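Each remark here refers to the structure printed beneath this line.
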Amino acid sequence: MIFLRRQVPLLITLIAGLAMAAQYYVPHPASEQMLTSVTKWLQIIGGFALVLGVSSLFHVHAAKIRRKEAGWGYSFVLYVSMLGTIAVGLWSNGKEAVDGTMTAFGWFYNFMMVPLQGTMFAILAFFIASAAYRSFRARSREAAVLLIAAVIVMMGRVPLGEYLIPLSGDLSQWILNVLNASVRRAILIGVSLGTVALSIKIIFGMERSYLGGGKE
Amino acid sequence: MSIETIIGGWVATGLTLFIFTFLYKDNPLFKLAENLYVGVSVGYTIIKTYDTVVVQLIWKPIVENGEWALLIPVAIGTLMLTRYVPKAAWISRYAFAFIVGVGSGLAIPRTISSFILKQIEDTVRPLLTLVPGEGVTFTWNLLNPASSLNTIIILVGVSSVLFYFFFSVEHTGPGKVVARIGIMFLMIAFGAAFGYTVMARMSLLIGRLTDLIEFTDPSYGRPSLWLAGLTILTLVVMARRSSSKQPKTEE
């Protein structure tokens, strides 16, 4: 039984990993076809993963409503809005617009989801500004450099900033395209090396945390 | 203007104002909008996934084209659902093993090619360029990311930042200087990222405020003005009720 529970998953990972790594080096139409198929397979399997996540959300809020915990009314609102969106989406066949005419699902998207999402992220502007005011103090040379770079980039991205500091536009572009790009590149190289090392460990069974705990 | 657009304008305005009330303090109006947002977003994701995965990737190819091989990923995906049966939960490992194995296998050559070799190739570029008629030149133009001067700056930046994160060697002597240069580059990048994020959020804020201004139009029935007043009134009433409920502290 341990073979089925522990060894077979490791074997599946090994075979799948080696096959997909080898696929990159085989420039044959069959190899390309395999990549296309497996990519489609991953999308399909990913859909089932969503079922797991959503059912967890359902469970948490259903328990809150059942026990009438504090704020259960908000869980009820969440349930109603979710089921309402699903019902409207199914009725509209998952299309926001048909022949240029907005469907009921499109109405939900345009007049509920977009304003809510946009505003939710927009209020972060206030909190970022407030946090920056409290924490951005040029206490050290490094903090001063960070502050100056932030101010130049902010000024360089609006017409008023460019009007007040004429050089800020070019300077902002230079910071983003050269200095920022070099740091991003270095971080990307480091992260990629880590990704490759982790992938090798997973394929050869040295990293097994993805199998979860529980009984062998 | 159609009635659904007018109703949509009122709903969008109301929800926008409810979220903005969080700037005053956490309150029931914000919580209502917040939970509505989660519900609508999850519902939207479910429908989009259903349409993309179930309809477009499974149902249509199988029924219309007879691609029966697609039942294999469906079976693998179904294995994931065995997590709901405690005794059979271990079977879901097969599905996770397949996803993780394929993901790891795909990642190795592509990451090396696109994110390591390509990035190094773009970092280590020739310093001098051969221009016909002008001969070998060294370009000083800072505004051109491909200029010779910027090539040196990028090379110094990438090397010093990589060295800063390399902990197998103690950062002393010349190594300390290189690591310090790396920190400076990092600080500039963090500052730039911060500034860029702030401006992106500001752009979203301007978008929301533009919508609110648009919805002050009489053709919509001025929802921005009416609902702003109503929201403020509700907040005042709630603040008064909560202050009257608080027990009086003894002097």
Legend entry - As computed over chain B, the Cα convex hull volume per residue (Å³): 415 Å³
Legend entry - Convex hull per residue volume in Å³, alpha carbons only, for the range A:1-65: 106 Å³
Inset, instruction - Kindly provide the Kirkwood hydrodynamic radius of the protein assembly as shown in Å, to one decimal, from all pairs of distinct alpha carbon atoms. - result: 27.3 Å
Inset, instruction - Determine, at each q value in 0.17, 0.19 (inverse angstroms), the log₁₀ of I(q)/I(0) that the Debye formula gives when each Cα of the range A:54-207 is one equal point scatterer. - result: -1.00, -1.08
Legend entry - For the range A:100-108, 3J(HN,Hα) per residue [Karplus equation, 6.51 cos²θ - 1.76 cosθ + 1.60, θ = phi - 60°, Hz, x = Gly/Pro]: x, 9, 5, 8, 4, 5, x, 4, 4
Inset, instruction - May I ask for the distance between the Cα centers of the range A:76-126 and the range A:196-212, given as a whole number of Å? - result: 39 Å
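Please go through the range A:15-71 and write out the trypsin sites (Lys or Arg not before Pro) that DSSP classes as loop and that have at most 13 other C-beta atoms within 10 Å.
A:Arg67, A:Lys68
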Legend entry - In order through the range B:119-135: 3J(HN,Hα) via Karplus (6.51 cos²θ - 1.76 cosθ + 1.60), integer Hz, x for Gly, Pro: 5, 5, 4, 6, 7, 9, 10, x, 7, 9, 10, 9, 9, x, x, 10, x
Legend entry - Estimated vicinal HN-Hα couplings, Hz - the range A:190-205 in sequence order (Karplus 6.51, -1.76, 1.60; Gly, Pro = x): x, 5, 5, 4, x, 4, 5, 4, 5, 4, 5, 4, 5, 4, 8, x
Legend entry - Cα centroid of the range B:1-54 to Cα centroid of the range B:159-204, whole Å: 39 Å
Inset, instruction - Determine, from the Cβ-Cβ distance of A:Thr36 and B:Ser242 and an R0 of 56 Å, the FRET efficiency 1/(1 + (r/R0)^6), rounded to the nearest 0.05. - result: 0.40
Legend entry - Contact order relative to length of chain B, as percent, for alpha carbon pairs under 8 angstrom and 6 or more apart: 20 percent
Inset, instruction - Of all alpha-carbon pairs in the range A:124-201, indicate the percentage at a distance above 16 angstrom. - result: 65 percent
Legend entry - Label point distance in nm, B:Ala75-B:Gln56, each placed 7 Å from Cα along Cα→Cβ: 2.7 nm
Inset, instruction - Scan around B:Asp217 for amide H atoms under 5 Å from its own, H built in the peptide plane at 1.01 Å from N, and keep only partners 5 or more places away or cross-chain. - result: B:Arg222
Inset, instruction - Determine by what factor the alpha-carbon radius of gyration of the range B:1-92 differs from 2.2 N^0.38 Å, reporting the quotient. - result: 1.72
Legend entry - DSSP loop trypsin sites (Lys or Arg not before Pro) with at most 14 other Cβ within 10 Å: longest gap in chain B: B:26-247
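Taken together, the values in this text are just the output of simple stated rules run on the coordinates, not laboratory data. On a predicted model such as this, the values are computed, not experimentally measured, just so you know. With ideal geometry, Cβ positions are generated from the backbone for all residues, glycine too; neighbour counts draw on all protein chains shown.
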